[in-house]
């Protein structure tokens with residue numbers, strides 16, 4: 001045994017199975033923990049002590065696992081037990097896997113039992129893989145089964161969802177596996193199921209697009225977002241349908257996707273326009289950002305009481321970049337709201353030379369309240385030298 005164990009008590013000398021059993025049943029918890037640690041470091045050597053009164057180390061540890069009230073001692077005993085070989089240990093671990101509610105014990109049992117032969121692993125773990133009552137047991141089952149070649153598509157998908165590791169490959173999302181994918185996309189692991197589907201690229205996207213009526217709202221929202229980023233042309237039809245038919249939450253997601261189409265966003269103008277008149281400010285704001293026509297952007301940017309709509313109008317003015325818009329954005333550098341000032345500055349930065357000219361005019365002639373935001377525009381366009389010269393002329397920094 002280790003020196004550490006011996007140092008826990010002057011009387012502790014382990015030379016036989018009887019000594020080992022007495023040490024493991026010592027009233028001194030520190031002694032017991034030290035001996036368990038030492039046994040865990042050299043479990044096979046400890047097994048060579050053999051039996052005392054018909055009981056060996058495995059019998060003692062199984063008895064402690066079944067009877068100890070002290071959770072620290074019980075966990076330590078179980079961890080050591082899981083390191084030992086033999087059928088009795090295996091049966092004790094299977095029992096723990098079935099009946100324990102302690103995550104550490106379940107994981108220790110899972111690690112040891114995962115070393116069994118493939119068919120034995122299947123027999124032990126499969127009942128835990130497909131249940132949601134105990135996620136720790138389900139994950140241990142996934143870790144133990146993920147490399148088996150004879151899993152069904154449903155079992156392989158489940159293992160990939162619970163394993164949360166790129167090494168655990170799910171089945172391809174196609175017409176044959178759609179039933180299990182559909183359940184996964186609606187289940188408690190739906191978010192990760194969507195990530196796994198997205199990794200499969202265009203084939204998965206096209207399969208899901210064809211299954212659009214079967215998707216739930218969350219999956220439709222995700223598909224619009226994914227599609228508009230990576231498969232823009234293939235997603236136009238879905239976006240148009242979401243804008244025209246709703247429901248509102250889906251239309252909101254579609255509106256937020258439209259700006260990704262840039263100059264081609266006009267494809268959706270007819271479907272976008274009605275949402276700009278909606279009572280819900282979220283929908284109205286998204287519609288403005290999506291390029292809704294017939295909206296007085298200048299009036300909104302100057303005086304709209306709901307700041308979210310005001311910011312959307314400022315953003316649109318910056319994107320459209322008309323001469324009148326530049327002047328309004330320059331005025332908004334003096335707005336009371338710092339968010340509006342910042343949005344106006346960002347819009348002018350994006351307008352290049354037109355925005356730069358407006359910011360210089362504000363620095364030279366504008367009110368003091370606007371000059372800090374104008375400086376932000378100049379810095380954003382790499383005009384630090386001009387800014388420094390202008391401040392020097394104005395007498396900034398002089399005594």
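Just so it is clear, none of the values below were taken in a lab; they were calculated from the coordinates. Just so you know, these numbers come straight off a predicted model, no measurement behind them. For neighbour counting, all protein chains shown are included, and Cβ atoms are generated from backbone atoms with ideal geometry for every residue, glycine included.
Neighbouring Cβ atoms within 10 Å as the yardstick, rank 293, 90, 302, 137 fewest first.
Result, fewest neighbours first: 293, 302, 90, 137.
Please give the length that would be gained between residue 260 and residue 336 if that part of the chain were fully extended, namely 0.36 nm times their separation in residues minus their C-alpha to C-alpha distance (nm, one decimal).
Between residue 260 and residue 336, full extension yields 24.3 nm more.
Provide the gained length on full extension for the span residue 232 to residue 245, in nm with one decimal, where the gain is 0.36 nm per separating residue minus the Cα-Cα distance.
My answer for the length gained is 2.7 nm.
Starting from the Cα gyration tensor of the stretch 165-225, take the square roots of the eigenvalues, sort them a ≥ b ≥ c, and report rounded, prolate or oblate (rounded when a/c is under 1.5, otherwise prolate if a/b is larger than b/c, else oblate).
Verdict is rounded for the stretch 165-225.
Using a Gaussian network model on the chain with a 10 Å cutoff between Cα atoms, which of 181, 338, 222 fluctuates the most?
338
Show that you can apply the helix-only estimate: for the chain, add -39,500 (n - 2.57) for every DSSP H stretch of four or more residues, divide by all residues, and state [θ] at 222 nm to the nearest 500.
Dividing the helical sum by the residues of the chain leaves -20000 deg cm²/dmol.
Obtain the nm distance between the two label points defined at residue 320 and residue 22 by a simple spin-label model: each point lies 7 Å from its Cα along the Cα-to-C-beta direction.
Taking the two extended label points, one gets 9.3 nm.
Report the label-to-label distance for residue 327 and residue 280 in nanometres (one decimal), using points 7 Å from each Cα along the Cα→Cβ vector.
3.8
Along Cα→Cβ, 7 Å out, is where each label goes; now give me the distance between the ones at residue 191 and residue 111 in nm to one decimal.
Once both label points are built, they end up 2.8 nm from each other.
Any chance you could give the angle, 0 to 90 degrees and rounded to 10, that helix 29-41 forms with the longest Cα principal axis of the chain?
90
Using only the alpha-carbon atoms, how far is helix 368-380 inclined from the longest principal axis of the chain? Give it as 0 to 90 degrees, nearest 10.
60
Before anything else, pin down the relative contact order of the stretch 278-399: Cα pairs under 8 Å, at least 6 apart, normalised by residue count, whole percent.
Relative contact order comes out at 17 percent.
Cut-off is 10 Å between beta-carbons; in what order do 228, 71 appear when sorted fewest neighbours first?
Least crowded to most crowded, the residues run 71, 228.
Only one of the listed values, (1) 20.2, 64; (2) 29.8, 114; (3) 33.9, 100, was derived from the coordinates as Rg and Dmax of the Cα atoms in Å; which label is it?
Answer by label: (3).
Under 10 Å, Cα contacts only: if you run a Gaussian network model on the chain, which one of 73, 351, 263 comes out with the highest mean-square fluctuation?
Judging by the Gaussian network model, the answer is 263.
Only Cα pairs within less than 10 Å get springs; with that Gaussian network setup on the chain, which residue of 156, 360, 285 has the largest fluctuation?
Checking each option, the largest mean-square fluctuation is seen for 360.
Based on other C-beta atoms within 10 Å, arrange 128, 205 from fewest to most.
The order, fewest Cβ neighbours first, is 205, 128.
To the nearest 10 degrees, how steep is helix 232-245 against the longest Cα principal axis of the chain, on a 0 to 90 scale?
80
Give the relative contact order (percent, whole number) for the chain; include only Cα pairs under 8 Å separated by 6+ residues.
This gives 5 percent for the chain.
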